[in-house]
């Protein structure tokens, strides 16, 4: 005999469906974020290998130690990749975006090789691990915080523009105090951008999940986080690194 008083017999299936959809979304989000971090960390590793190889071969000292156009091409090549991916990424296939991303990592490695000509290996290692620890903590904050960081992100992006202008100005002034201010501000700005870009990466998943744009967003998010980490590392190195 049926137990008509049992509430399970008339329970709505919608609660279970909703829980299943939420579980699937969370699993997809974790996979998406893991893919972003895998791309980002692999690119950092590739850049480091390229930089070390370029220095060990003696080519970095030859290229950057004397006159010539090649050193300027290497220095500004990463910007070309960034502009191409930022403004032309929507027209690129996923395979092309991947190739551009790895090409950018190689170009950055060649450009970053100059730090081995200026700073001691110990200073570079200490600054790298300090930046890695800060990046991990700030990215975790950006992922877990309930606070909307959009307003802070707008302010920080304006700060990046200010850093660029101040750095150009200091090329002519050669001011030590201004260099110190720029480096300190750079650490703070890219620390904030790490949290902001992590939150934005997480929030974008709902818009691109299961679409053709998902892989593009993974790569662009990895590019943004890569730039946050590398810039924070370089500014820390300028602040605390011992020059050769």
Fill in: Fully extended contour minus Cα-Cα distance, from residue 92 to residue 24, at 0.36 nm per residue
21.6 nm
Fill in: Alpha-carbon centroid distance for the pair the range 77-144 / the range 21-59, whole angstrom
9
Worksheet item: Say each of residue 76 and residue 207 gets a label point 7 Å from the Cα, pointing the same way as Cα to Cβ; how far apart are those two points in nm?
Response: 3.2
Worksheet item: If each of residue 69 and residue 132 carries a label point 7 Å out from its Cα toward its Cβ, how far apart are those two points in nm?
Response: 3.9
Response to the item:
Given a Förster distance of 25 Å, the FRET efficiency implied by the Cβ-Cβ spacing of residue 102 and residue 154, rounded to the nearest 0.05, works out to 0.25
Worksheet item: So how do 218, 208, 106, 165 line up by other beta-carbon neighbours within 10 Å, fewest first?
Response: 165, 208, 106, 218
Discussion item. I need the shape label for the chain. Rule: rounded when a/c is under 1.5, else prolate if a/b > b/c, else oblate, with a, b, c from the alpha carbon gyration tensor.
Written reply: prolate
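Going by a ≥ b ≥ c, the root eigenvalues of the Cα gyration tensor, does the range 98-195 fall in the rounded group (a/c under 1.5), the prolate group (a/b larger than b/c) or the oblate group? Show your work: numbers first, answer last.
Working: a/c = 1.56, a/b = 1.19, b/c = 1.31.
Judged from the Cα gyration tensor, the range 98-195 comes out oblate (a/c at least 1.5, b/c at or above a/b).
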Worksheet item: So what's the angle, to the nearest 10 degrees on a 0 to 90 scale, between helix 214-240 and the longest Cα principal axis of the chain?
Response: 40
Worksheet item: Which order results if 96, 198, 211 are arranged by neighbouring Cβ count within 10 Å, fewest first?
Response: 211, 96, 198
Worksheet, complete the sentence: Expressed in nanometres to one decimal, the distance between label points 7 Å along Cα→Cβ at residue 17 and residue 184 is 5.9
Discussion item. Let me check against my output: what whole-number percent is the relative contact order of the range 34-181, with C-alpha pairs under 8 Å and at least 6 apart?
Written reply: 28
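Every read-out reported here was derived from the displayed coordinates using simple, explicitly stated rules and does not represent laboratory data. None of the values given here were measured: they were computed from a predicted structure. Ideal geometry is used to build each Cβ from the backbone, glycine not excepted, and the neighbour counts take in all protein chains shown.
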